[in-house]
Amino acid sequence: MPAASPHTSRQSPRWAGWAVLALAGAAQALSLAWPWARGQGEGLLTLAGGYGRPLWWLQMISLAVLARLLQTAQQPAQAAGRAMVFATGWLAATFWWLFISMHVYGGLPAALAVLAVLALAAFLGSYYAGAAWLCHRLRPTGAAASALVFAGAWTLAELARGWLWTGFPWGSGGYAHVEGPLSVLPRWVGVYGTGAVAAWLAWWLAAWAVPAPGMRRRRLVLALAVLCLAWAGLWALRDAAVNGGGASQRPVLDVALLQGSIPQDEKFEAGSGIPLALGWYGRALRQAPARLVVAPETAIPLLPQQLPEGYLSLVSEPYVQSGGKHAALVGIPLGSEELGYTNSVVGWKPGQMHDYQYDKHHLVPFGEFIPPLFRWFTEMMNIPLGDFNRGALGQPSMAWAGERLAPNICYEDLFGEELGAHFGDAATAPTVLVNFSNIGWFGDSVAIDQHLAISRMRTLEFERPMLRATNTGATVAIDHRGTITHALAPYDRAVLHAGVQGREALTPFARWVHAAGLVPMFLACLAAIAVGWGLGRRQH
């Protein structure tokens with residue numbers, strides 16, 4: 001890592017470097033979903049339904065800016081500080097919408113809500129500061145060695161963010177690559193492996209753009225040619241896999257996805273949102289003409305014992321009647337004060353009303369459970385929070401119409417390693433993933449678009465279609481290639497009719513993440529750091 005000249009350092013004020021880093025971090029956030037494309041329909045930066053498109057090239061460029069400034073850092077502490085500014089800017093610009101839930105809906109004073117978002121971003125940013133410190137401390141000689149160390153250390157920070165304190169991996173860099181040349185990788189290495197390759201390439205991009213003395217660009221061109229050949233091979237293998245899997249032999253299952261667009265500030269109010277939800281979803285469930293009808297997270301916002309007498313029997317009647325041809329999956333809270341509560345999905349099929357139940361496993365900190373020592377914080381907000389019980393990991397799918405339907409509720413589809421618990425055996429693995437969400441807490445913000453990119457990444461990792469039924473968006477159908485086939489615009493109150501074909505084959509990612517979780521990825525990162533350090537030492 002060559003040091004910047006003293007003359008260059010004197011010419012560049014420290015605040016200017018911080019501004020560049022903060023802007024680069026904000027660009028990293030924008031790469032996850034370009035927000036200004038919302039509502040414009042199909043276009044270069046827009047997906048079906050008017051959602052913002054991830055920009056893989058912007059993610060690479062923004063990370064390359066950080067990589068270049070790490071390459072010119074003179075001390076480990078300076079490298080850590082630069083990464084801290086970049087990561088704090090990136091994460092704050094990614095999940096700024098937490099402000100909406102805390103201030104608009106929670107009633108927390110604006111200054112405290114802003115401080116809470118910045119504090120969370122800085123805390124999580126410290127992981128990346130540690131990664132940059134390690135890169136500079138090891139200081140391997142040569143671009144190849146230092147690129148390996150950077151990719152390994154950076155991905156360890158990503159993994160730590162997704163694992164420690166129950167994990168908050170929202171906005172990981174790999175999500176920008178659900179499209180583009182690196183979208184071939186998730187079926188092999190998942191979102192973290194994809195992000196690791198992006199980090200490795202960003203380091204090379206920075207080194208190539210401003211080469212260090214003695215660096216031979218001819219070697220870089222040769223390495224690029226080898227990478228292109230490897231990419232072409234992986235693409236051919238993926239195409240062969242995704243065009244197989246027996247999907248062409250399966251009948252298309254017609255589905256109806258319900259998007260009630262119940263105002264979040266009224267959703268749990270007895271005089272407004274609750275009657276609206278019960279009325280609209282009740283009518284939609286009885287009238288939607290599809291073999292499978294899906295209603296989102298807490299579509300029915302009351303416990304069964306709190307509902308008007310006969311309500312559940314009435315809305316479930318078209319599904320549970322003997323000889324029926326329709327089924328439904330419906331989000332509803334379950335439980336009691338004595339037994340505890342669960343955020344759940346119930347399934348209705350012909351013959352039995354309580355045929356299927358799924359209970360959310362990965363709960364949201366502060367939203368569905370209160371971390372130790374933080375009750376004082378949640379008591380400052382006027383949001384219906386609680387301590388929910390956790391469902392088991394790897395709960396069985398619901399069998400219907402020749403498919404195995406595996407629910408996941410909202411935040412759970414951030415954790416591909418947990419969804420992988422379903423994929424031990426191709427004969428019992430889910431053929432279709434179904435996400436039930438309500439992120440109305442975050443308003444009509446880019447959180448909707450970012451969550452859509454997360455779901456698309458899961459379809460690439462497991463090569464399974466995903467149905468998304470949400471309160472406010474993004475209600476969509478995604479095929480096994482990550483392509484949105486049907487979509488409702490955000491905040492429309494409507495029913496989305498779509499068709500879906502399940503898949504049977506298991507991807508390499510599904511196999512290894514089921515067997516060992518993220519341990520292989522941790523080990524691969526440590527191996528990359530060790531190999532890079534060893535190569536660098538040998539070149540001294």
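With Cβ to Cβ distances under 14 Å as the rule, what net charge do the other residues near LEU91 carry (K, R +1; D, E -1)? Show your work: numbers first, answer last.
Details: positive: ARG161; negative: GLU158.
That sum, taken over residues with Cβ under 14 Å, equals 0.
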- Using label points projected 7 Å from each Cα along Cα→Cβ, tell me how many nm separate ARG286 and TRP163, to one decimal. 5.1 nm
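Can you pull the semi-axes for region 247-504, root of five times each eigenvalue of the Cα gyration tensor, sorted largest first, whole Å? Kindly include the intermediate steps, with their values, before the conclusion.
Details: eigenvalues 137, 95, 67 Å².
In descending order the semi-axes read 26, 22, 18 Å.
Calculate how large, on average over all directions, the projected area of the Cα convex hull of the chain is; give the answer in nm² to one decimal.
Details: hull surface 102.0 nm².
Here the figure is 25.5 nm², rounded to one decimal.
May I ask for the net charge around LEU312, where only other residues with Cβ less than 14 Å from the Cβ of LEU312 are counted and Lys, Arg are +1 while Asp, Glu are -1? Display every interim value, and only then the final one.
Numbers: positive: ARG286; negative: GLU309, GLU317, ASP355.
Taking every Cβ under 14 Å from that of LEU312, the sum is -2.
Given 37 °C and 0.692 mPa s, how large is the Stokes-Einstein diffusion coefficient of region 119-185 in µm²/s, with Rh as the Kirkwood radius over Cα pairs?
Values: Rh = 13.2 Å.
Roughly 249 µm²/s, to the nearest whole number.
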- Query: When we measure straight from the Cα of LYS349, which lysines land under 17 angstrom away, once same-chain ones fewer than 8 places off are left out?
  - Reply: LYS325
- Obtain the radius of gyration and the Kirkwood radius of region 396-540 from its C-alpha atoms and give Rg over Rh. 1.10
- Message: Along the charge dipole of the chain, pointing to its positive end and built from +1/-1 on Cβ of Lys, Arg, Asp and Glu, which listed residue (ALA516, LEU182, TRP280) has its Cα farthest out?
- Response: LEU182
- Note on the structure: If every Lys and Arg gets +1 and every Asp and Glu gets -1 at its Cβ, then about the Cα centre the chain yields a dipole, in debye to the nearest 20, of 2480 debye
- Query: Summing +1 for each Lys or Arg and -1 for each Asp or Glu, what net charge is found among the other residues whose Cβ lies under 14 Å from the Cβ of TRP348?
  - Reply: +2
- Helix 519-538 sits at what angle to the longest principal axis of the chain, using alpha carbons and giving 0 to 90 degrees rounded to 10? 10 degrees
- Item | Placed amide H near ASN435: partners under 5 Å, 5+ positions off or other chain | ASN408, LEU467, ARG468, ALA469
- Task: Measure nothing but the geometry: give the 0 to 90° angle between the long axis through the Cα atoms of 110-138 and the longest principal axis through the Cα atoms of the chain, rounded to 10°.
- Result: 40 degrees
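DSSP beta bridges in the chain, what fraction antiparallel, as a percent rounded to 5? Write out the running numbers ahead of the final one.
Details: 33 of 51 bridges.
Rounded to the nearest five, the antiparallel share is 65 percent.
FYI, it's all coordinate maths here, none of it is from the lab. Keep in mind it's a predicted model, so treat the numbers as computed, not measured. Here the Cβ is made from the backbone with ideal geometry for all residues, glycine too, and neighbour counts use every protein chain on show.
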